[in-house]
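For reference, the structure is listed below as structure tokens.
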Amino acid sequence: MGNGSAPLTADRDGRPKAGRSIWVEPRERRLSPQKGGGRFDSESKRFARDRRCTMSKKQNHEEELHALRHSAAHVMAQAVMEMFPGEAKIAIGPPIEDGFYYDFDLPRALTPEDLETIEARMREIVAGHHAFTRREVSADEARTMFAEQEYKLELIDGLEAGGEDEYGEPLEGEVEISVYEHDAFVDLCRGPHVGSTDEINPAAFKLLSVAGAYWRGDESRPMLQRIYGTVWESADDLEQYLWKLEEAQKRDHRRLGKELDLFSVSDEIGSGLILWHPKGGMVRKLAEDFCHAEHEKGGYDFVYSPHIGKAHLWQKSGHLDWYAENMYAPLDIEGQQYYLKPMNCPFHIEIYKSRTRSYRDLPLRYAEWGTVYRYERSGVLHGLLRVRGFTQDDAHLFCRPDQMPEEIDRVLQFSLNILRAFGFEDIHSYLSTRHPEKAAGSPESWEAPTEALREALERAEIPYQIDEGEATFYGPKIDLKVKDALGREWQLSTIQFDFNLPERFDLAYVGEDGKEHRPYMIHRALLGSMERFMGTLIEHHAGAFPLWLAPVQAVLIPIADRHHDYVHAVAESLKAEGLRVEVDERSDRMNAKIRDAQMQKVPYMLVVGDREIEAGAVAVRLRSGEDLGPMPVEDLVARMRLEIEAHA
RNA sequence: GCCGACGUAGCUCAAAGGCAGAGCGACCGCCUUGUAAGCGGUAGGUUACGGGUUCGAGCCCCGUCGUCGGCUCCA
């Protein structure tokens, strides 16, 4: 892919956007779905403000949960303030997806034991039947009330100036300053809250973790301590949520990567650099083989490019101006400086420029599984999802303006087909439009491509959100996100226009009129980075890959040593059919072999004993635990073939 | 990068400043097994790395590297 690094390095949660967002087809979840974390985004704040308008039952329920969580945050803040009388400074404490947090400035670091103490005190407070009461105050009155609370004073200043809310975002309309009070605690707060602490079920909340967080999200400002908690209407709901967290942990690709022997990261090599083991390598190869075939059918040309290029190239492309901090230090080769590539685009552009291009040559679609290296700060590395070296399924499309709408349609459709082939059905998208100040090219030049992207989304009939002014400076883009089996959102594909590089490299084609014209250039990555995609795939399937992707499709399990010859013969015939099978001829009992195959999430377990040999069959057990009984080998092959072709 | 927690056998984890352990896995042997773990034995360690305090450090202190949870970043 191209200039746009964001999609490949973006967090998997939808974080708040600075620009305005418009939902074209509103989806049920507007908050970050990330477990335990995430943030209250501008969308849901607006939602809270607009609560007077008609709402569905579901929205109503959401609002009640927000109030409940917000109220629990206040109760927690009271408990913490009591723990550090006169010393605790409170910042903000909003509800978030699945819970709430509150930020504190405290004289010492909190420990896990502190959380238990705080939680216990919260239960006492909740049992006290305290009403939450709202009161409007003047700015000066508020300053008196919070004279010792420097963070609150800053918030009051922001509110009084009418400029911004507690998240530092612009406020609309008249600003009223309100405080909410319960028991011995009063907080500067817009609300809403529940009526009384009675509504907070003492068996339905739990404090989860404590973590550092910058005041107002600004790394030049003080680091506060943030306590995350969760609260629900009932103990059952809490239980269910905690179960979901546990389930997510079991699916963690880092854990499964180890358990299933898929990949590793070695301290000897370095952080964020992935070693693919044979099994993980097989899954990746199968995924890539499939994509290669699709690209070939899809009219792409395959290109290959080196891992380093001269400084001059990166000056020309502009990467050294605007991307240098993500690039590694140059290598000195015979007095010339070379850089490891953070992106593939300049190389593909050089291929384009290697000869004169005619309008008849277009569109050109150059595809490469190109490995790039980007410096990421140590704290952001995360398994396969955020790494320092990764392979993009990258392509650059060069086309004439008249071809552009069709090309967009085509690439979007192509992308959706591939994602669906991997079992991702729940796909939605984000269209980022021109930033009013930071943008290459004229506003007019953005119109046709932006419209083409939007129309392509309409035709593809997938829900999309318009992120106004959120595009990178060089062109509008579409990002696709998928939801996995647990409802978590992952960003994979990106399709980005580029008005910048064609200019910088003076790209041209000779038109029918014999004159030179500037082609459109589109960067696109579908699975994004193979590393991130594999991480997503592992978590989506919880390591139980569909048959076509399973590194080992079947394990043959002889019951006793005398069955080995037959089992090997069956294994050979299955291998001859192109199936990936292993024979477990350890001296363990059959039960142990089944258990091991089960834990390795092998789709088919083929048990062979005297009876099977007699019948010329294998006894088939599925990963689901289902026992299909004895089956002739030909029938098994036919069954597996069907399953493979269906990508089931 | 920042705040906090953590780093012990291949893996998961024990070990109040006083002999470094268990289970699983690996290896060897016995058993020859019928749908989620048979039995016995053996090997396996510079307790991440470097320094310090102490009669004595896995444990306390300092530094480095790494991992985890967040924040920031990923125009």
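The values are calculated or read from the model by the stated rules, or taken from the named source; none is laboratory data. Not measured: the values here are computed from a predicted model. Methodologically, a virtual Cβ is constructed for each residue, glycine included, from the backbone with ideal geometry; neighbour enumeration extends over all protein chains shown.
Can you name every residue in the stretch A:349-398 that is among the aliphatic types (A, V, I, L, M) and either more than 27 Å from the chain's Cα centre (by Cα) or within 16 Å of RNA strand B (Cβ to nearest atom) (or both)?
A:349, A:351, A:362, A:364, A:372, A:380, A:381, A:384, A:385, A:387
Could you grab me the full set of residues in the stretch A:227-251 that are in contact with a Phe, Trp or Tyr (Cβ under 7 Å, 6 or more places away or on another chain) and in a helix (DSSP H, G or I)?
Those that are in contact with a Phe, Trp or Tyr (Cβ under 7 Å, 6 or more places away or on another chain) and in a helix (DSSP H, G or I): A:238, A:241.
Would you tally the residues in the stretch A:556-587 being polar (S, T, N, Q) and within 43 Å of the chain's Cα centre (by Cα)? Full working, then the answer.
Going residue by residue through the stretch A:556-587, those that are polar (S, T, N, Q) are A:573, A:587.
If we keep only those that are within 43 Å of the chain's Cα centre (by Cα) too, we end up with A:573.
Number satisfying all stated conditions: 1.
Looking at the stretch A:620-648, I want the residues that are more than 16 Å from RNA strand B (Cβ to nearest atom) and have a partner that is polar (S, T, N, Q) and assigned to a loop (DSSP other than H, G, I, E, B) with Cβ atoms under 9 Å, at least 6 apart or on another chain. Which pairs are those?
A:640/A:553; A:644/A:553
Given (1) among the β-branched types (Val, Ile, Thr); (2) in contact with a Lys or Arg (Cβ under 6 Å, 6 or more places away or on another chain); (3) within 8 Å of RNA strand B (Cβ to nearest atom), where does residue A:552 come up short, assuming only one miss?
(3)
Filter the stretch A:109-153 down to residues that are away from RNA strand B (no atom under 16 Å from the Cβ) and in contact (Cβ under 8 Å) with a residue 60 or more places away in the chain, then give me how many there are. Walk me through it before giving the result.
Of all residues in the stretch A:109-153, those away from RNA strand B (no atom under 16 Å from the Cβ) come to A:119-150, A:152-153.
Next cut, in contact (Cβ under 8 Å) with a residue 60 or more places away in the chain only: A:119, A:122-123, A:125-132, A:148-150, A:152.
Looking only at that region, the number is 15.
Please tell me if residue A:546 is closer than 26 Å to residue A:629 by Cβ and without any contact (Cβ under 8 Å) to a residue 60 or more places away in the chain. Show your work before the answer.
Working: closer than 26 Å to residue A:629 by Cβ: yes; without any contact (Cβ under 8 Å) to a residue 60 or more places away in the chain: no.
Spelling it out, it is not the case that residue A:546 is closer than 26 Å to residue A:629 by Cβ and without any contact (Cβ under 8 Å) to a residue 60 or more places away in the chain.
Among the numbered conditions (1) part of a helix (DSSP H, G or I); (2) surrounded by 15 or more Cβ atoms within 10 Å (Cβ to Cβ), tell me where residue A:272 comes up short.
(1)
Is the stretch A:556-579 home to any residue that is near RNA strand B (Cβ under 9 Å from one of its atoms), in contact (Cβ under 8 Å) with a residue 24 or more places away in the chain and part of a loop (DSSP other than H, G, I, E, B)?
yes
Return the residue satisfying two criteria in turn: it lies in the stretch A:279-328 and is surrounded by fewer than 15 Cβ atoms within 10 Å (Cβ to Cβ) and of a type in the set (Asp, Glu), and of such residues it is nearest to residue A:341 (Cα to Cα).
The residue in question is A:325.
List the number of the failed condition for residue A:272; all other conditions in (1) touching a Lys or Arg at 6+ places or on another chain (Cβ under 6 Å); (2) within 16 Å of RNA strand B (Cβ to nearest atom); (3) not assigned by TED's automatic domain parsing to the domain that holds residue A:535 hold.
Against the list (1) touching a Lys or Arg at 6+ places or on another chain (Cβ under 6 Å); (2) within 16 Å of RNA strand B (Cβ to nearest atom); (3) not assigned by TED's automatic domain parsing to the domain that holds residue A:535, residue A:272 comes up short only on (3).
Go through the stretch A:300-322 residue by residue and tally those that are modelled with pLDDT under 95 and touching a Pro at 6+ places or on another chain (Cβ under 6 Å).
Total satisfying the criteria: 1.
Just to be sure I understand, how many residues within the stretch A:426-462 are over 28 Å from the mean Cα position of the chain (by Cα), outside any loop (DSSP other than H, G, I, E, B) and not hydrophobic (A, V, I, L, M, F, W, C)?
4
Any idea which residue in the stretch A:177-213 is farthest from RNA strand B (Cβ to nearest atom), counting only those that are under 20 Å from residue A:84 (Cα atoms), without any contact (Cβ under 8 Å) to a residue 60 or more places away in the chain and not aliphatic (A, V, I, L, M)?
A:181
Among the candidates A:418, A:495, A:466, which residue alone is under 20 Å from the mean Cα position of the chain (by Cα), among the aliphatic types (A, V, I, L, M), assigned by TED's automatic domain parsing to the domain that holds residue A:283 and modelled with pLDDT under 90?
A:466
Can you give me the number of residues within the stretch A:214-251 that are surrounded by fewer than 17 Cβ atoms within 10 Å (Cβ to Cβ) and either free of Cβ contacts under 8 Å to residues at least 40 places away in the same chain or near RNA strand B (Cβ under 7 Å from one of its atoms) (or both)?
Of the residues in that region, 17 qualify.
Of everything in the stretch A:592-626 that's in a loop (DSSP other than H, G, I, E, B) and charged (D, E, K, R), which residue is surrounded by the most Cβ atoms within 10 Å (Cβ to Cβ)?
That would be A:601.
I'm trying to understand the selection: among the residues of the stretch A:593-609, which are closer than 16 Å to residue A:567 by Cβ and either more than 9 Å from RNA strand B (Cβ to nearest atom) or not charged (D, E, K, R) (or both)?
Of everything in the stretch A:593-609, those that are closer than 16 Å to residue A:567 by Cβ and either more than 9 Å from RNA strand B (Cβ to nearest atom) or not charged (D, E, K, R) (or both) turn out to be A:594, A:597, A:602, A:604, A:605, A:606, A:607, A:608, A:609.
Where residues in the stretch A:252-264 are without any contact (Cβ under 8 Å) to a residue 40 or more places away in the chain and in a helix (DSSP H, G or I), which of them is farthest from RNA strand B (Cβ to nearest atom)?
Within the stretch A:252-264, the first condition is being without any contact (Cβ under 8 Å) to a residue 40 or more places away in the chain, and the residues that meet it are A:255, A:258, A:261, A:264.
This time we only want the ones that are in a helix (DSSP H, G or I), so: A:255, A:258.
On the way: A:255: 7, A:258: 6 Å.
Ranking the candidates gives A:255 first.
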